[in-house]
Amino acid sequence: MPGVRRLASTWLPPLVWMAIIFTLSAQHGGGHLPAGEIVLRKLAHVTEYLILTFLLLRSLRRSGVALGTPVAIVAALAYAS
């Protein structure tokens with residue numbers, strides 16, 4: 001069981017965060033938004049994908065992937081598009 005626990009503690013955080021991003025992205029923003037709210041939403045998107053990048057980087061490093069940083073960045077960008 002220790003292998004399963006380690007695997008879960010390694011990969012569950014980014015997978016849960018991806019599910020949260022997916023759920024929040026499915027919400028409709030409404031019609032015309034004030035400029036301040038648009039800026040706030042853009043900052044929130046940058047922050048949530050930055051958190052995803054760090055979670056992926058942590059998981060990749062714990063899994064022994066040597067090129068964790070570029071892989072984490074590319075994976076987060078791919079998920080964002």
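The values are calculated or read from the model by the stated rules, or taken from the named source; none is laboratory data. Remember, predicted model here, so these are calculated numbers, not experimental data. Neighbour counts are summed over all protein chains in view; Cβ atoms, including those assigned to glycine, are modelled from backbone coordinates with ideal geometry. Protein only, heavy atoms only, side chains kept; ligands, DNA and RNA dropped before computing areas. Shrake-Rupley method; radii C 1.70, N 1.55, O 1.52, S 1.80 Å.
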Item to check | Filtered residue count, the stretch 65-81, keeping only those that are in contact with a Leu (Cβ under 9 Å, 6 or more places away or on another chain) and closer than 13 Å to LEU50 by Cα | outcome: 7
Checklist entry - Counting only residues that are open to solvent by 50 Å² or more (accessible area, probe 1.4 Å) and of a type outside the set (A, V, I, L, M), which one in the stretch 36-55 is farthest from SER81 (Cα to Cα)? => result GLY36
Next on the checklist: It is to be established whether one or more residues within the stretch 61-71 are open to solvent by less than 80 Å² (accessible area, probe 1.4 Å), touching a residue at least 60 places away in the same chain (Cβ under 8 Å) and part of a helix (DSSP H, G or I).
Outcome noted: no
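Limited to the stretch 9-22, what total is found for residues that are farther than 18 Å from VAL46 by Cβ and either in a loop (DSSP other than H, G, I, E, B) or not aromatic (Phe, Trp, Tyr) (or both)? So that I can check it myself, show each step before the final result.
Step one: list which residues in the stretch 9-22 are farther than 18 Å from VAL46 by Cβ, which gives 9-13, 15-16, 19.
Now drop any that are not either in a loop (DSSP other than H, G, I, E, B) or not aromatic (Phe, Trp, Tyr) (or both), which leaves 9-10, 12-13, 15-16, 19.
Residues in the stretch 9-22 being farther than 18 Å from VAL46 by Cβ and either in a loop (DSSP other than H, G, I, E, B) or not aromatic (Phe, Trp, Tyr) (or both): 7 in total.
Only one residue in LEU24, LEU15, LEU33 is over 16 Å from ALA78 (Cα atoms), open to solvent by 50 Å² or more (accessible area, probe 1.4 Å) and hydrophobic (A, V, I, L, M, F, W, C). Which one? Before you say what the answer is, go through the steps one by one.
Details: LEU15 fails: over 16 Å from ALA78 (Cα atoms); LEU33 fails: open to solvent by 50 Å² or more (accessible area, probe 1.4 Å).
Every option except LEU24 fails the conditions.
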